[in-house]
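Visitor: Shown below is the structure under consideration.
Nothing in this text is a laboratory measurement; each read-out follows from the coordinates by a stated rule. This one's a predicted model, so the numbers in the text were calculated from it and none came from an experiment. Every residue, glycine as well, gets a Cβ built from its backbone with ideal geometry; the counts of neighbours run over all protein chains shown.
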Amino acid sequence: MLQEQLQIRRQFVSDHEAYNAACRHCRSWCDDFAARLELELHHEMADNSRSSVESKLSRLSELLNQCSDEGSGCVQRVGDVAEVVLRSTLASGHSAIDNAVSELRTYWEALGAKISAARDRTEAALACCNEFDVSLSKLLQQLCDAEAERGRLSVLQSTLAEKMSHAEHSKVCHLIH
C-alpha cells in the first residue's frame, strides 16, 4: 500500500514536470515566433513592385501556416497535459493552471490575429498592384489607339495637302488658259 502511494505521488510529480515542460516549450515557441513575426513585419520591401509584395505575402502565409499548425499543436499539448495535472491538483491550484493555459492560448491567438492582419494588408497591397496593372494596361492601349489615330489623321492631312496643292495648281492652270 505504501508502495502504491509512492508510485501515485511519483506519477503526480512526473505529470507536473511534463506540464511545466510543455508550458515552457509553448511559451518559448510563442516568444520565438513573435520575434520572427516582428522581423517580418519590420522587414522593408526592396520596392513596392508586384514581386516584392508577392514575396512578402508568401512569407506571411508561411508564418500563418506555422502559427496555425505548430502553434496550435503546442497550445493543444499544454491543454492536454493540464487536464491530466488538474486531476491530481487541489482545487485551490486549479485556477493557476487554468490561467496559465488561458494565457498561452491568448498569446498564441494574438500572434495569429497579428499575422492575419498583416497578411490582409499585404493582400490589399497586391490588389492595388493588380489595379495599377489594369489601369496601366488601359492607358497603354489608349496611347496605342491615339498613336494609330494620329497616324491615320497624318495620312489624311498629307493627302489633303496634296489635293489642295493639286487644286491650286489646276486653278492656276485654268486661269492661264
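Visitor: Projected area of the chain, taken from the Cα convex hull and averaged over every viewing direction, in nm²?
Guide: Reported value for the Cα convex hull: 15.4 nm².
Visitor: May I ask for the net charge around residue 90, where only other residues with Cβ less than 15 Å from the Cβ of residue 90 are counted and Lys, Arg are +1 while Asp, Glu are -1?
Guide: Here the count lands on 0.
Visitor: How long is the gain from residue 83 to residue 128 if the chain were fully straight, where each residue apart is worth 0.36 nm and the alpha carbon distance is subtracted?
Guide: Stretched fully, the residue 83-residue 128 segment lengthens by 11.4 nm.
Visitor: Another question about this same structure. Rank 153, 39, 139 by mean-square fluctuation in a GNM of the chain with C-alpha springs under 10 angstrom and give only the top-ranked residue.
Guide: The residue that fluctuates most here is 153.
Visitor: Any chance you could give the angle, 0 to 90 degrees and rounded to 10, that helix 2-42 forms with the longest Cα principal axis of the chain?
Guide: The answer is roughly 20 degrees.
Visitor: Among 81, 100, 41, which residue has its Cα furthest toward the positive end of the charge dipole of the chain, with +1 on Lys/Arg Cβ and -1 on Asp/Glu Cβ?
Guide: 41
Visitor: What is the order of 24, 121, 77, fewest Cβ neighbours within 10 Å to most?
Guide: 24, 121, 77
Visitor: Now for a separate question. Provide the net charge surrounding residue 68, with neighbours chosen by a C-beta distance below 12 Å and charges set as Lys +1, Arg +1, Asp -1, Glu -1.
Guide: Local net charge: -3.
Visitor: Using a 7 Å offset from the Cα along the Cα-to-Cβ direction at both residue 36 and residue 106, what is the distance between the two label points in nm, to one decimal?
Guide: 2.5 nm
Visitor: Neighbour counts of other C-beta atoms within 10 Å: give me 89, 122 arranged from fewest to most.
Guide: Ascending Cβ contact count within 10 Å gives the list 89, 122.
Visitor: So, R0 is 41 Å and r is the distance between the beta-carbons of residue 150 and residue 50; what FRET efficiency does that work out to, to 0.05?
Guide: Efficiency at R0 = 41 Å is approximately 0.85.
Visitor: Please identify which residues in segment 111-127 have an amide N closer than 19 Å to a label point set 7 Å out from the Cα of residue 61, following the Cα→Cβ vector.
Guide: 112-127
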